[in-house]
């Protein structure tokens with residue numbers, strides 16, 4: 001497989017654009033398609049580049065990662081030379097952890113760092129997990145938790161066979177998110193912006209604010225809503241992205 005085709009697996013919508021390329025990492029169980037609508041809202045500034053992780057959509061035959069460090073290494077290997085020039089990273093929930101780990105690796109390995117790191121809907125990675133872990137819950141209890149968050153499409157609730165196909169990927173993603181153990185290090189030399197919903201039961205405002213310990217140049221923006229507060233605020237979030245990157 002050529003380098004171009006390998007990169008195409010990771011970037012199903014491409015990465016071309018005249019503005020800053022914003023590589024976007026999805027939440028647990030989601031595919032790159034969750035950011036498809038962002039592309040029009042971004043209008044090329046930034047150029048929205050949804051990232052397709054293994055185990056979903058056209059990569060559905062691939063085994064999803066269960067280990068956060070291995071996933072971050074795979075992202076770096078897969079995106080390769082795309083992570084150069086004028087680019088930034090965004091991630092929501094699980095995606096926030098992935099974006100952070102990728103940024104940290106790039107800095108530690110002396111690569112060209114992203115212009116900005118944007119994270120959303122996840123407690124800061126250095127905080128201990130004090131919540132009930134979801135990845136190993138029985139199916140009924142897991143579905144109940146996800147329904148409360150609003151993170152389970154209705155079609156999966158209505159079609160048990162589809163749900164059973166979806167759960168291994170979701171459990172793998174939740175394992176990545178819940179088994180990460182932070183290794184202390186120096187603050188990132190990258191501006192950091194944190195987003196979140198004030199009523200998010202999985203990421204309270206104080207847990208979001210703790211991200212600011214990881215960069216000397218940081219800002220926090222919270223909005224009404226729960227874990228998926230951002231679904232109705234894409235233009236607003238992208239305005240903040242533009243403003244923060246121009247600062």
* Could you give the distance between the Cα centres of the range 127-156 and the range 179-247, to the whole Å? -> 22
* Using just the C-alpha positions of the chain as equal point scatterers, what log10 of I(q)/I(0) does the Debye formula give at each q in 0.11 1/Å? -> -0.53
* To do: Pop the C-beta distance of residue 236 and residue 36 into the FRET formula with R0 = 22 Å and round what comes out to the nearest 0.05.
  => 0.75
* To do: Could you give me the percent of Cα pairs per 5 Å distance bin for the range 32-153, shortest bin first, beginning at zero and ending with the bin that holds the maximum distance?
  => 2, 9, 16, 21, 22, 16, 9, 4, 1, 0
* For the range 176-190, list residues with backbone N below 19 Å from a point placed 7 Å from the Cα of residue 136 toward its Cβ? -> 176-182
* Asked: Which parts of the range 126-154 would a label at residue 160 reach, counting a residue when its backbone N lies under 14 Å from a point 7 Å out along Cα-to-Cβ?
  -> 139-140
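Any read-out appearing in this document is the output of simple, stated calculations on the displayed coordinates, not a laboratory observation. Only a predicted model underlies this, so the values are computations on that prediction, with no experimental measurement involved. For neighbour counting, all protein chains shown are included, and Cβ atoms are generated from backbone atoms with ideal geometry for every residue, glycine included.
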